[in-house]
Amino acid sequence: MPEDRVHHEHDVGYKYIFSHKETFLELLRGFVKKDWVDLIKSEDLILIDKSYVLEDFSEEESDIVYKVNLDGRDVIFYILLEFQSRVDYRMPMRLLFYIVEIWREILKNTSKKERRRKDFKLPSIIPMVLYNGKGRWTACRNFRDVLSGGELFGENIIDFRYILFDIYRYDENNLKAMANMVSTVFLLDKEISREDLIRRLRLTVYALKKITPEQFDILKTWLKGIMKPKLDEKSRVEVEKILEKSSQREVNSMVSNLGKTIENIVREGKTKGLEEGRKQGIKEGREKGRREGMKEGRREGRKEGRKEGRKDGLLQGLEKLLGIKFSDTSCIGRIKKIEDEDVLSSVFEDAVKSNSIGEFEEKLRRRKLN
């Protein structure tokens with residue numbers, strides 16, 4: 001998945017979702033096991049309409065900032081939306097830059113008289129990172145761990161620990177059991193096939209019925225965004241019509257219609273891809289057969305042409321199938337090395353029966369095609 005698309009598709013979508021105060025609070029209550037979470041009320045949260053992301057990182061991330069007053073003390077929640085394809089080991093440093101920038105702006109907008117008061121205090125800033133990469137997050141969580149000699153100086157060096165929301169690491173069953181807006185988004189927002197997307201949508205029907213009407217409208221808009229790259233223009237229009245016309249009372253019907261539409265898209269795509277692949281393969285095989293027939297004899301050339309035509313047809317069909325079903329053809333290079341037509345046919349069957357690209361790649365590994 002191209003990184004620029006990841007940034008646009010996910011950063012913008014998540015900023016839209018978590019700019020809704022009730023949903024942001026849901027995130028804290030569901031995934032942060034700290035006593036202070038219970039002190040926060042949605043009506044006390046103030047969304048700060050400003051980004052502190054530095055220009056150097058503006059193409060890689062976006063952020064959300066909330067302010068809340070807890071027992072007379074101002075606190076700021078800073079959440080960085082991190083959707084790069086690789087873990088950035090500079091994360092603690094980047095968060096420090098943003099924390100300092102927020103404090104600097106607060107000082108700039110505070111009168112000199114106020115700043116000089118003995119009891120003047122800057123607000124606590126709670127840094128958070130929302131990450132949805134496939135790879136496990138391995139960057140340091142504590143700032144002191146990126147400092148040379150940090151272990152020598154203990155409390156004499158600056159330190160903080162950021163909260164991490166690592167979406168791919170949350171268990172599917174736990175997300176289903178939570179049955180709220182955030183768990184539904186986390187359940188659906190993974191790099192999955194169209195079939196798996198519908199399966200997960202069906203798992204979230206109960207949650208879709210119990211979220212607030214405002215959250216339901218937000219979720220429908222977000223769904224359009226994540227489904228857009230998976231569909232052609234005609235299919236996208238059909239899906240958008242279903243989402244736009246559906247009310248929260250019609251959740252079962254909405255999910256059912258989405259399922260039928262996408263299943264039709266997949267089925268038509270498989271048929272079209274296989275047929276185009278076979279035709280192209282046979283055509284190329286015949287041409288190859290004719291060329292070789294001129295050298296080795298017409299009869300041998302026809303025989304070889306038919307054989308190569310079948311093989312190329314399977315390869316063409318398989319590549320089309322992987323692209324349509326999983327939006328991933330990265331393993332086709334290994335498959336092209338297969339010489340045995342029967343083995344190639346079995347691999348094709350594996351692709352048809354697999355529910356995800358991961359399951360298909362595991363079957364390839366078992367065949368030891370590396």
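The values are calculated or read from the model by the stated rules, or taken from the named source; none is laboratory data. Computed from a prediction, not measured in an experiment: that's the story for all the values here. Using ideal geometry, Cβ is built from the backbone for each residue, glycine included, and neighbour counts are taken over all protein chains shown. Heads up: the accessible areas ignore ligands, DNA and RNA and are worked out on the full protein's heavy atoms, side chains in. Shrake-Rupley method; radii C 1.70, N 1.55, O 1.52, S 1.80 Å.
Can you find, within the range 157-201, the residue that is modelled with the highest pLDDT among those that are open to solvent by less than 20 Å² (accessible area, probe 1.4 Å) and assigned to a loop (DSSP other than H, G, I, E, B)?
Step by step, filter the range 157-201, then rank; the result is Y162.
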Does L258 count as at pLDDT below 80, of a type in the set (A, V, I, L, M, F, W, C), farther than 15 Å from F326 by Cα and surrounded by 18 or more Cβ atoms within 10 Å (Cβ to Cβ)? yes
Going by what's in this entry, would R249 be described as closer than 20 Å to N264 by Cβ and in a helix (DSSP H, G or I)? no
Say whether the condition of being within 23 Å of the chain's Cα centre (by Cα) and among the polar types (S, T, N, Q) is met by at least one residue in the range 343-351. no
Would you pick out the residues in the range 11-49 that are open to solvent by 10 Å² or more (accessible area, probe 1.4 Å), charged (D, E, K, R) and not in a loop (DSSP other than H, G, I, E, B)? K15, K21, E22, E26, R29, D35, D38, E43, D44
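Within the bounds of the range 109-124, is there any residue that is open to solvent by less than 40 Å² (accessible area, probe 1.4 Å), aromatic (F, W, Y) and without any contact (Cβ under 8 Å) to a residue 60 or more places away in the chain?
Checked against the condition, which is being open to solvent by less than 40 Å² (accessible area, probe 1.4 Å), aromatic (F, W, Y) and without any contact (Cβ under 8 Å) to a residue 60 or more places away in the chain, the range 109-124 yields no hits at all.
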With criteria (1) touching a residue at least 12 places away in the same chain (Cβ under 8 Å); (2) closer than 20 Å to G13 by Cα, D217 comes up short on (1)
For the structure I just gave you, tell me whether R144 is part of a helix (DSSP H, G or I), touching a helix residue (DSSP H, G or I) at 6+ places or on another chain (Cβ under 9 Å) and either acidic (D, E) or without any contact (Cβ under 8 Å) to a residue 40 or more places away in the chain (or both). yes
Tell me, which residue of the range 307-360 that is open to solvent by 40 Å² or more (accessible area, probe 1.4 Å) and acidic (D, E) is nearest to I198 (Cα to Cα)? E359
Working carefully through the options G277, G269, G281, G225, find the one that is part of a helix (DSSP H, G or I), within 28 Å of G358 (Cα to Cα) and at pLDDT 70 or above. G225
Based on this model, can you work out whether V53 counts as at pLDDT below 90, more than 20 Å from G13 (Cβ to Cβ), surrounded by 14 or more Cβ atoms within 10 Å (Cβ to Cβ) and within 23 Å of the chain's Cα centre (by Cα)? no
Return the residues of the range 114-128 that are at pLDDT 95 or above and either of a type in the set (A, V, I, L, M) or part of a helix (DSSP H, G or I) (or both); say none if nothing qualifies. L122, I125, I126, M128
Would you mind stating whether L130 is in contact with a helix residue (DSSP H, G or I) (Cβ under 7 Å, 6 or more places away or on another chain) and not charged (D, E, K, R)? yes
Residues (in contact (Cβ under 8 Å) with a residue 24 or more places away in the chain, of a type in the set (K, R) and not in a helix (DSSP H, G or I)) located in the range 314-366: K337
